[in-house]
Amino acid sequence: MKKAVVTVLGQDKVGITAKICGVLAETNINILDISQTIVDGIFDMILMCDMENAAYSLKEIQDHMGKQGEALGVEIRVQLADIFYAMHRI
């Protein structure tokens, strides 16, 4: 399994979760786990995803999700889980 971590951060508004989940589904990325919180109007979401059968490369997905984030007014990052874990252990 090729796992990826998708993080979303920004001002809360209607439709963020729906849009991001829709884009992931369109690119054949399966959501394994999802966590989201809203603190004082700030939206924060972390998704653990399976990219094994993704329709596009990691770079293409990162670029596409970045554009979707700009349209939504949030920051979206997509990283391979192994890299994410390594970066956050230091």
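Suppose all protein chains stay in the model; what accessible area per residue would a 1.4 Å probe give for the chain, in Å²?
Dividing the accessible area of the chain by its residue count gives 62 Å².
How many percent of the accessible area of the stretch 9-82 is carbon or sulfur, using a 1.4 Å probe?
That fraction is 50 percent.
Once you keep just the Cα pairs under 8 angstrom separated by 6 or more residues, what percentage relative contact order results for the chain?
41
Across the chain, where is the longest run that never hits trypsin sites (Lys or Arg not before Pro) in a DSSP loop with at most 14 other C-beta atoms within 10 Å? Could the numbers behind the result be given before it?
Values: sites that count: K2, K13.
Answer - 14-90.
Summing -39500 (n - 2.57) over the DSSP H runs of n ≥ 4 in the chain and dividing by its residue number, what mean residue ellipticity at 222 nm do you reach, to the nearest 500 deg cm²/dmol? Can you show the working numbers first?
Values: 3 runs with 35 residues, N = 90.
The helix contribution divided over the chain gives -12000 deg cm²/dmol.
Please list log₁₀ I(q)/I(0) at q = 0.14, 0.16, 0.30 Å⁻¹ for the stretch 1-54, using the Debye equation with identical point scatterers on the alpha-carbon positions.
The computed values of log10 I(q)/I(0) come out as -0.36, -0.46, -1.20.
Expressed in whole Å with the largest first, what are the equivalent ellipsoid semi-axes of the chain derived from the C-alpha gyration tensor as the square root of 5 times each eigenvalue?
Listed largest to smallest, the semi-axes of the chain are 20, 16, 12 Å.
Show me, for the stretch 7-13, the HN-Hα J-couplings you get by feeding each phi into the Karplus relation (A = 6.51, B = -1.76, C = 1.60, θ = phi - 60°), rounded to Hz, glycine and proline as x.
Ordered by residue, 3J(HN,Hα) equals 10, 10, 9, x, 5, 5, 6 Hz.
Hey, which aspartates and glutamates would be in cross-link range of K67, C-alpha to C-alpha under 16 Å, not counting anything within fewer than 8 residues on its own chain?
Cross-link targets: E26, E75.
Determine ³J(HN,Hα), in whole Hz, for all residues of the stretch 39-44 in sequence, where each value follows from phi through the Karplus function 6.51 cos²θ - 1.76 cosθ + 1.60 and θ = phi - 60°; x replaces Gly and Pro.
Per-residue couplings from phi come out as 10, 6, x, 9, 8, 9 Hz.
The values are calculated or read from the model by the stated rules, or taken from the named source; none is laboratory data. All figures in this text were calculated on a predicted structure; none of them were measured in a lab. Reconstructed Cβ throughout: ideal geometry from the backbone, glycine too, with neighbour counts over all protein chains shown. Accessible surface areas use protein heavy atoms only, side chains included; no ligands, DNA or RNA. Shrake-Rupley method; radii C 1.70, N 1.55, O 1.52, S 1.80 Å.
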